[in-house]
1. What do you get for trypsin sites (Lys or Arg not before Pro) in segment 2-39 restricted to DSSP loop and a cutoff of at most 16 other Cβ within 10 Å of the site's Cβ?
2. Using only Cα positions of the chain, each an equal point scatterer, no hydration layer, compute I(q)/I(0) via Debye at q = 0.15 Å⁻¹ and quote the log10 values to two decimals.
3. With the full set of protein chains in place, find how many percent of the accessible area of the chain is carbon and sulfur; take the probe as 1.4 Å.
4. Helix-derived [θ] at 222 nm for the chain: sum -39500 (n - 2.57) over DSSP H runs of at least 4, divide by residue count, nearest 500?
5. Please give, to one decimal in nm, the separation of the simple spin-label points placed at Arg127 and Ile49, each 7 Å out from Cα toward the Cβ.
6. Rounded to the nearest 0.05, what FRET efficiency do Ala106 and Asp144 have when you use their Cβ-Cβ distance and R0 = 25 Å?
7. Please list Val13, Val71, Val53 in order of solvent-accessible area, largest first, computed with a 1.4 Å probe with all protein chains present.
8. Could you let me know the centre-to-centre spacing of segment 114-173 and segment 1-54, using Cα atoms, in angstrom?
Amino acid sequence: MELSDFHIGLEFVARAGFRWRCTDVGTRTILAIQLDRKDPNWYQGPPYIAKEVVFDEHEIARCHLTNAAAVSAASKEHQTMTHPGYPSEVVTRMLEARHAQPYPNAGVLRFDRCRPDGEILHPYAGRQEEGEWVVKLYLPFQEDYEVMPERDFIALPRATPADLRARAAKKNG
């Protein structure tokens, strides 16, 4: 979906198939409440008892009006996906690391980045080393791990679908 598709009161599907209701539309974001309660009193507002959650441009693009549209989009993404994915042992390691030490800059972990050599870097945790934050990274195309200073990681551009396609072509070529 796009920002222009939203209006206050619109119900939509996002985040693992949950239903949401738009409560505000901004210039780049929307606010929404998750429709996860049977009692309609949770949804009276504004202000709302239910927690309002911010959806940015990245999250808005993954919203859908219906479950069928969400399933169709997921199927299409899977068929055209160039990302190699994450083996279960990698997911386990990333989750354990994420919970081992609280990392205060969770937004840093939201987006993959692309190194100048085209390598895709997936951030999954952070830790302090000598008073500085470093980001733990998984390199999905190399199936390897690295660590990078946080300041260097956030200076890299976000990985785009074009970056993923280029990196997949490099691996396959």
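1. Sites meeting the loop and neighbour criteria: Arg15, Arg28, Arg37, Lys38.
2. Log10 I(q)/I(0), no solvent term: -1.03.
3. It is 53 percent, rounded to a whole number.
4. Using -39500 (n - 2.57) per qualifying helix, the result is -8500 deg cm²/dmol.
5. Once both label points are built, they end up 4.3 nm from each other.
6. It comes to 0.60.
7. Val71, Val53, Val13
8. Taking the Cα centre of each part, segment 114-173 and segment 1-54 sit 33 Å apart.
The values are calculated or read from the model by the stated rules, or taken from the named source; none is laboratory data. Here the structure is a predicted model, which is why all the values come from computation and not from measurement. Backbone-built Cβ (ideal geometry, glycine too); neighbour counts: all protein chains shown. Quick note on the areas: whole protein, heavy atoms, side chains included, nothing else; ligands and nucleic acids left out. Shrake-Rupley method; radii C 1.70, N 1.55, O 1.52, S 1.80 Å.
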